[in-house]
Amino acid sequence: MIVTKPQSKQEKKLQTTSETWQPVIVAQEGAGGSKSVAGAQSLARAQQACGDAVYRYLGAIPIMPTVQAVKKKAIGRVNSDKDEVEAAMRARWPLSDFDALLTESPVYLEQGQRPAPPGLWENAFDAAAVAHCVWDEPAVAMARRMAA
């Protein structure tokens, strides 16, 4: 007899989201590097597992630009801070209501992780920077054309 555990709130939310939107491409910030060989190998394995999961469970193509590529596209240089990323994303995506988005409870709170201090919502701006970075990638551009 096979016994399964009930789904957590996050698993239900992810399932509902993926069923509703049926993503064909999922972009996430990839590993930027490590100072040790063992660390680099671990990052590469984790990134591969994440890409495999995106493809296997969502049926989507994973795109993982490096942190440096994201910052270069967003700011124009690879050494930028969080405030610069936020300012650039607010300027580049002016119709996005980041403030309304940021009132939602982040998924990591449901996982029991500590919340970010008030005013530090850099994860949302990092996600917008990743979207901005891959926006003109051939696979993303083709998906946008197909959806139009």
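The values are calculated or read from the model by the stated rules, or taken from the named source; none is laboratory data. Because the structure is predicted, anything quoted here is derived from the model rather than measured. No Cβ is skipped: glycine too gets one built from the backbone with ideal geometry, and neighbour counts run over all protein chains shown.
Does Ser80 satisfy being touching a Lys or Arg at 6+ places or on another chain (Cβ under 6 Å) and free of Cβ contacts under 8 Å to residues at least 40 places away in the same chain?
yes
Pick from the range 79-93 the residues that are modelled with pLDDT of 90 or more and more than 14 Å from Ala127 (Cβ to Cβ): which of them is surrounded by the most Cβ atoms within 10 Å (Cβ to Cβ)?
So, considering only residues that are modelled with pLDDT of 90 or more and more than 14 Å from Ala127 (Cβ to Cβ), the one surrounded by the most Cβ atoms within 10 Å (Cβ to Cβ) is Glu84.
Any idea how many residues of the range 61-72 are crowded, with 16+ Cβ neighbours inside 10 Å and either touching a strand residue (DSSP E or B) at 6+ places or on another chain (Cβ under 7 Å) or closer than 17 Å to Ala124 by Cβ (or both)?
8
Consider Gln22 carefully, then state whether it is touching a helix residue (DSSP H, G or I) at 6+ places or on another chain (Cβ under 7 Å) and modelled with pLDDT under 85.
Numbers: touching a helix residue (DSSP H, G or I) at 6+ places or on another chain (Cβ under 7 Å): no; modelled with pLDDT under 85: yes.
No: the conditions fail for Gln22.
Tally time: how many residues in the range 58-82 are closer than 24 Å to Lys12 by Cα, out of contact with any helix residue (DSSP H, G or I) (no Cβ under 8 Å at 6 or more places or on another chain) and assigned to a helix (DSSP H, G or I)?
Final tally of qualifying residues: 0.
Kindly indicate whether Gly33 is at pLDDT below 85 and either of a type outside the set (Ser, Thr, Tyr) or exposed (fewer than 12 other Cβ atoms within 10 Å of the Cβ) (or both).
Numbers: at pLDDT below 85: yes; either of a type outside the set (Ser, Thr, Tyr) or exposed (fewer than 12 other Cβ atoms within 10 Å of the Cβ) (or both): yes.
Yes; evaluated as a whole, the condition is true for this residue.
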